[in-house]
Amino acid sequence: MNKKIIKKENLIVKKKSKKKQEVITGILFKHKKGFGFVTPEDGVDNDVYISAYDINGAMNGDKVEVALLHKSIGHDSREGSISKILNRGTVEVVGTFQNNSKYGFVVPYDRKIHDDIFILKKDFNGAHKGDKVVAQITKYPDIEGSAEGKVTEIISREGEIGGDIKALIRSYNLFQTFPSKVNAEAKAVSKEGLDEAFVMTDIGTRRDLRNKTIITIDGADSKDFDDAVSIEKLGNGNYLLSVHIADVTHYVAEGGPLDKEALKRGTSVYLIDQVIPMLPKALSNGICSLNPDVDRYTLSIDMEIDEMGKVVNHDIYESMIRSKARMVYSDVSDMLENEDKELILKYQDIYDDILQMNILAKRLRLKKEARGSLDFDFDEAYITLNDRGIPVSVDIAERRTANKLIEEFMLLANETVAEHFYWLELPFIYRVHEKPSLDKMEEFKIFLRSFGIILRGASENIHPKALNEILEQVKGKPYESVVNTIMLRSMKKAFYDTECQGHFGLSLKYYCHFTSPIRRYPDLMIHRIIKLSINGQLDAKVIKSLKRKTKDASENSSAMERQAQELEREVEKLKKAEYMSYHIGETYQGIVSGVTGYGIYVELENTIEGMIRVEYMIDDFYDYIASNYRLVGRHTGKIFTLGDKVKILVQSVSLENREINFTLIN
């Protein structure tokens, strides 16, 4: 009887121990070395480490169930074993095809996917070595073998111009082409408005501004122009600034194929010499683009601005314009900065307007600085490709007087529109940038102390003005770029929301995106709301519908924006790596831009960043001091920290991983 009791007790104990084993669900993110981390669905708990042995056939992006193990691999970390794959996150893989006579495999282009896909010869489907392809997974990896698949699409042949960028685009499941229904609608509506008689009868309640001096100012290589400006000096000393934005909603019917596709895409994506447009070219480069000397439908906002840069009156209305000139940033900047006589003579009819715009822009900039708006003066790369898609130069993109002038005008228009609709209490889409978290600000304060810099103010309620003072303090210092970068990383990411929560970085209570409806869906949605409002079409039923639509558009556009930014970074990394592959063995000056336990990052003057791995720092054994962002030599005491100037040699490049490796030159 005692034995039975013991057995029963043992059984009970065993069952209880099983129940105690905690199980969580989340998304797996695999590392190229085989291990991974699962991010819990609740978004609160820490990630769970999964060893390569405990992956159990899961792939990057899979939704999995994890049995937590009663051990840890470090402070505040958890370890687990994948017990069940709930949903596959990857059904196809984009990559480079490799093969021999009997079989092939696809090496993924997405750096987050580390499982090569085995391809049987019968499933090559015309693919050759070096081609960029799409492989559909037919068998997922398990203990016995790797994932298997078949080639379903050839994106580009080996050596095809632009093929590498096309493959990256496809790896994000994005497409440069449009469905046939979308193209058909775009073709039909693009014909509208080209006939002068039609324009005259259709102008209706629009204000006819075609006789006003209205111009566009954009980059030299811009193809779509969705904003134009005009200015007038009033008798009371104030300025009347008018911003005219392409009325895209006139051509994109709500709920139609164009609208649904634009909502799905959320944003246009700009990739050096390629674009993934939100709208077909017939609209973006054609009927909606504010090209010079042609009639265009617009939404305009007039803003009367006093000597202190304050908007004292404003008016938002439907209009029609005819741009007098397609100006470029470099020409306008040369006139304002260098008083270029040839350009002044060429644009003598609008030169005075440009001078007045510059005076107003300076006034607005002073007001912006006074309220503490953050102005990160980052160097951005300008990559030039030759006719074969090969990067031939990587330079610093210009951000001159004209660029800043247009930026000020667009910021003011966005702010004014946001405040107007906030007080109307209508469904709307705002651009939100929350204040930094307490933890991030505490970390940033500690980082600044290593440079002898003090950040004033309470970390839980830091004011942007305090951060702006830091930016001014480090201006011109060797570590300026590093401090700017770490500060930016301490910020939260901006997003779209139906609640007006303010914009921390701009130090504004009201902000939205109104000025780019050709390339951003929230702007297009805002235009639709504006037109419903000014035409008295907002009844209770419409408002209820808009609440749902603005919420959906905000969430989707925020997600698509994050994806677009990630793809843009990957393309830039790819072309920078390719550029440096032609400069292996050459030496450069740079500054330490990052410090980790496995090496230091060095940024060159042209913004290209590479890594010096600790295993190649053979003069000493280096310890990583995370709190001070530095590596310290055990024997020599040599220190490498953020902002240090170093001389490097380009050692190697991995195009597959978009990585550049440097070695130090003493």
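Just so it is clear, none of the values below were taken in a lab; they were calculated from the coordinates. Not measured: the values here are computed from a predicted model. Here the Cβ is made from the backbone with ideal geometry for all residues, glycine too, and neighbour counts use every protein chain on show.
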- Task: Give the span of the range 583-664's Cα atoms along each principal axis, as three whole-Å numbers ordered largest to smallest.
- Result: 33, 22, 21
- Item | Helical contribution to [θ] at 222 nm, DSSP H n ≥ 4, -39,500 (n - 2.57), averaged over the chain, rounded to 500 | -10500 deg cm²/dmol
- Note on the structure: At q = 0.12, 0.19, 0.20 1/Å the base-10 log of I(q)/I(0) from the Debye formula over the alpha-carbon atoms of the range 111-194 is -0.52, -0.93, -0.99
- Express the relative contact order of the chain as a whole percentage, based on alpha carbon pairs under 8 Å and six or more residues apart in sequence. 9
- Task: Check the straight Cα-Cα distances from K647 and name the aspartates and glutamates below 17 Å, setting aside those fewer than 8 residues away within the same chain.
- Result: E586, E603, E605, E609, D619
- The distance between the Cα centres of the range 76-112 and the range 211-231, in whole Å, is 47
- Over 33 Å [Cα-Cα, the chain], rounded percent: 58
- Item | Cα-based shape type of the range 276-317, given that a ≥ b ≥ c are square roots of the gyration tensor eigenvalues and the cut on a/c is 1.5 | prolate
- Message: At a 10 Å Cβ-Cβ cut-off, how would you order M487, M617, fewest neighbours first?
- Response: M617, M487
- Task: Measure nothing but the geometry: give the 0 to 90° angle between the long axis through the Cα atoms of 540-581 and the longest principal axis through the Cα atoms of the chain, rounded to 10°.
- Result: 70
- Orientation-averaged projected area, Cα convex hull of the range 438-490 (nm²): 3.2
- Task: Using DSSP to define loop residues, name the trypsin sites (Lys or Arg not before Pro) in the range 535-573 whose beta-carbon has at most 10 other beta-carbon atoms within 10 Å.
- Result: none
- Expressed in angstrom and rounded, the centroid-to-centroid distance over alpha carbons for the range 587-614 and the range 129-147 is 35
- Compute the acute angle (0 to 90°) between the alpha-carbon long axis of helix 464-474 and the principal axis of greatest extent of the alpha-carbon atoms of the chain; round to the nearest 10°. 80
- Step through the table entries K435/K509; K30/K63; K435/K573, compare each Cα-Cα distance with 23 Å, and write down the pairs that go over it. K435/K573
- At most 14 other Cβ within 10 Å, DSSP loop - GluC sites (Glu not before Pro), the range 300-335: E307
- Task: May I ask you to list the trypsin sites (Lys or Arg not before Pro) in the range 596-666 that are in a DSSP loop and have at most 10 other Cβ atoms within 10 Å of their Cβ?
- Result: R634
- Item | Efficiency of FRET from Cβ geometry, N56 and Q563, R₀ 25 Å, rounded to 0.05 | 0.30
- Message: Just to confirm my numbers, what's the Cα centroid distance between the range 413-474 and the range 266-320 in Å?
- Response: 28
- Message: Quick check on the range 92-160: take the gyration tensor over C-alpha atoms, sort the square-rooted eigenvalues as a ≥ b ≥ c, and tell me if it's rounded (a/c under 1.5), prolate or oblate.
- Response: oblate
